[in-house]
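Below: one structure, written as structure tokens.
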């Protein structure tokens, strides 16, 4: 059985071979052309987006989802601003990662090269199309975009604009393609197009990611859950504990780096813990605590076992007591998702223990788990966060969108 | 349905957490203990190996395969020597891969950490058990070994020795485990133990690798084919062309880095090409050429289209004519396996074109494809060669058996 996406895959592979050799100036010129075209065609984009919204309303889509789908001038400005951020980042392609000179004179260079073809599967938010395509472009990768059927008109016009900009910069249009129709079956076809697609990046909710992981024959960069913990140690600074925990939970509750569970060292539960809980309640958070802590405040609810390991993505937090940093790490290994976890302490030994023992992709000391973001961790931009162990772990930025090739320079060496 | 290997997986995970924190001295002490025990128990090992061989002979196993299965004093010496090589390599764990200090004062360290648990699936050769386990040990990873049912007695006693050595060095025995029985169905169980196993490394023939890739729910480090090309350019040095090509094909014909196809620039087919072909014939190689080259030597056979992209793993080579380095790269992209390919030329521009355009994991200029080996490329030792694009590409050495963790050092930072 032939895969219906075979022609798209083949075209992407060919385009990727050319794009892989484009220099930074050429790729930045394409990003420039995209930004200019988005501005010039703003009215057309908003018309297409209105069509999607009208259909979504007719289909009875929820208001929150329609909001994610909607574009306006301000959102287009944000998309254009992120293009300029990506433009300013150093070209990740061609970096010399390592050089070895062997006793026989062979010089072995390990060079960063693009991965090849990236499949991006996303849901309603049409800005992902531009954002992800721009990151792929800058890292020399071709991409195949599959937006949700709800954003079909928006993603179609955005893809057209992106492709025209590639052509303007002298780069192959097929380095950015979309699926030929919003048919859901084509997602399955994309996930089995392993002959041409090197990595799949799902950008959306948990059910999308779960489906992609289950069905994909291609490696996936993704995280399923962001079950982040903040552990307040016996020797935590009280002011830091309050400020960091409230930020980690409440700054934005819907992102994967939001803390979902607060671990309190047993000895400070009634002191620092009490203040932290009071601050969370004051900030409008529902706080679910073990029975022994219920007397601290009348607004507290009792935690159930199922609250631990739960990703609320809402102003709700579960609280648990642990004996020490060892207990905290054990708890996180039982209930966490190897995403992002933090310790708050002034005790260097406890901090060291935590950072070296916890199995999270991102481990923080005295800082908010909401820093779990490529930009915040110095990568400039990210296409997502990955909790797999291999290749890209933590934020997936431009460097993670490259792989390497060994280039061996000889002068006639043969192997004895 | 519970996976019958759940207890083994759980034990491996626990052991991996402890082994991840062992320092170089402790891991090297364990490697020392293994070497000593292999020497001390040599007689027992050979007795167990004899049992396997007796059964294999009873089952009518081919002589070549029995040879791969057989151990003797010399082979045990080689195993012990490779332990000492691994011992001398730098500890790949704890390397600081990157440090970023953000404007807000956050210090972000990217640290090398072990991957976790590695499943090794191999066939007859019992030395793989020691070799692979030693590489996993040095890189802080627990491993689960699955040898072929033919080597059951050998692998069992070797695993016992490895485990005892771990205990002697104060490390958890369960960092090295084997499957409880040679039952083939357990291979399937191992390949779906994704809750506990992070990577699978198949070590064996093509059918084993193909099965592992097909069935595994876990990322696999492997190559299916080593369809390596050597391209002789118009401006090749004739002496280098002869020496490198004969070495690339004939040094060992059964390894994945052996050249399977010789590409000749059309203009030198009758000159340098003729000499190279004569040298190959003289070395005992069967040479299959396009019709137009048949007059060069009576011993030549005509190549069929199916000879291109063929992994002979034997003293047979296919020869094709190409117009130039572009044609060579195109040919390799059509028929190669993204493993190892070489150009022979004195023309720097052609060499640059080849190295930057060819999509092989290892690309060589004026050197034999038989250098496709972790040791030869400066990695000290390798657990295999990978042709996947992600994480480990090319030789899989100790560094490739690690992943990374972001460790963020703050002083109370919250995200605005």
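Only the coordinates and a few stated rules stand behind these numbers; no lab work does. Predicted model, so just to flag it, every value in this text is computed and none were measured. In this analysis, Cβ positions are derived from the backbone assuming ideal geometry, glycine residues included, and neighbour counts consider all displayed protein chains.
When DSSP assigns beta bridges and you keep just the ones with both residues in chain A, what percent turn out antiparallel, to the nearest 5?
Antiparallel bridges: around 30 percent, rounded to the nearest 5.
Starting from a Cα-only point model with no solvent, please compute log10 I(q)/I(0) by Debye for the protein assembly as shown at q = 0.05, 0.08 1/Å.
Here the Debye-derived log intensity ratios amount to -0.30, -0.77.
Taking the Cα atoms of segment B:368-416 alone, what are Rg (to one decimal) and Dmax (as a whole number) in Å?
17.4, 56
Helix-only mean residue ellipticity at 222 nm, the protein assembly as shown, DSSP H runs n ≥ 4 weighted -39,500 (n - 2.57), per residue, nearest 500. What is it?
When only DSSP H runs of four or more count, the value is -12000 deg cm²/dmol.
I'd like the distance between the alpha-carbon centres of segment A:96-124 and segment A:1-47, rounded to an integer number of Å.
22 Å
Over the protein assembly as shown, what is the percentage of antiparallel beta bridges among all DSSP beta bridges, to the nearest 5?
30 percent
Going by how many other Cβ atoms sit within 10 Å of their own, how do A:399, B:6 line up, fewest first?
Lowest to highest Cβ neighbour count: B:6, A:399.
Any chance you could run the full-extension gain for residue B:72 through residue B:302? It's 0.36 nm times the residue separation minus the Cα-Cα distance, nm to one decimal.
78.5 nm
State the residue of chain A whose Cβ is nearest the axis carrying A onto B, and the distance in whole angstrom.
A:391, 2
In Å³ and rounded to a whole number, note down the convex hull volume per residue for the Cα atoms of segment A:228-376.
Roughly 92 Å³ of hull volume per residue.
If you bin the C-alpha pair distances of chain B every 20 Å from 0, what whole percents do you get?
25, 48, 25, 2, 0
Put a label point 7 Å from Cα along the Cβ direction on residue B:47, then list its distances to the equivalent points in the other copies in nm, shortest first.
Inter-copy label distances (nm, one decimal, shortest first): 8.8.
Helix A:6-19 versus the longest principal axis of chain A: what angle, 0 to 90°, nearest 10, using Cα atoms?
Tilt of helix A:6-19: around 90 degrees.
Using the beta-carbon distance between residue A:99 and residue B:283 and R0 = 41 Å, what value does 1/(1 + (r/R0)^6) give for FRET efficiency, to the nearest 0.05?
That gives a FRET efficiency of 0.75.
Between residue A:292 and residue A:173, what is the spin-label point distance in nm, taking each point 7 Å from the Cα along the Cα→C-beta axis?
That separation, rounded to one decimal, is 6.8 nm.
Counting other beta carbons within 10 Å of each Cβ, put B:356, A:99, B:403 in order, fewest first.
Ranking B:356, A:99, B:403 by Cβ neighbours within 10 Å, fewest first, gives A:99, B:356, B:403.
Run the quick spin-label model on residue A:213 and residue A:346: label points 7 Å from Cα toward the beta carbon, then report their separation in nm to one decimal.
Using points 7 Å along Cα→Cβ, the separation is 4.0 nm.
Taking the Cα atoms of segment B:154-212, report the difference between the largest and smallest coordinate on each principal axis, in whole Å and largest first.
That works out to 38, 28, 18 Å along the principal axes.
Please report B:411, A:207, B:360 as a ranked list, fewest other C-beta atoms within 10 angstrom at the top and most at the bottom.
A:207, B:411, B:360
In degrees from 0 to 90, rounded to the nearest 10, what is the angle of the helix A:206-215 Cα long axis to the longest principal axis of chain A?
50 degrees
With bins 5 Å wide starting at 0, give me the P(r) of segment A:47-97 over every alpha carbon pair, in whole percents.
All Cα pairs considered, the percentages come to 5, 16, 18, 14, 12, 10, 9, 7, 6, 3, 1.
At 7 Å along the Cα-to-beta-carbon direction for both residue A:195 and residue A:47, put a label point, then send me their distance in nm to one decimal.
4.0 nm
Round to the nearest 10 and give me the degree value, 0 to 90, for the angle of helix B:42-58's Cα axis relative to the longest principal axis of chain B.
Roughly 60 degrees, rounded to the nearest 10.
Restricting the count to DSSP beta bridges whose residues both fall in segment B:259-416, what percent are antiparallel, rounded to a multiple of 5?
Taking every DSSP beta bridge within segment B:259-416, about 20 percent pair in antiparallel fashion.
Normalised by the empirical 2.2 N^0.38 Å for globular proteins, what value does the Cα Rg of segment B:86-234 take?
1.26
Distances from residue A:217 to the same position in the other copies: list them in nm, one decimal, shortest first, using label points 7 Å from Cα along Cα→Cβ.
1.9
Using only alpha carbons, build the gyration tensor for segment A:313-403 and give me the equivalent ellipsoid semi-axes, biggest first, whole Å.
Calculated on Cα positions only, the semi-axes equal 25, 14, 13 Å.
Can you compute the equivalent ellipsoid semi-axes for segment A:1-106, i.e. the square root of 5 times each eigenvalue of the Cα gyration tensor, sorted largest first and rounded to whole Å?
With the √(5λ) rule applied to segment A:1-106, the semi-axes are 39, 21, 14 Å.
Using the 7 Å Cα-to-Cβ label point, sort the distances from residue B:62 to its equivalents in the other copies shortest first and give them in nm to one decimal.
Values, ascending and in nm: 6.1.
Given 5 Å bins starting at zero, what is the percent of C-alpha pairs of segment B:228-311 in each, up to the one with the largest pair distance?
The distribution over segment B:228-311 is 3, 16, 27, 28, 21, 5, 0, given as percents.
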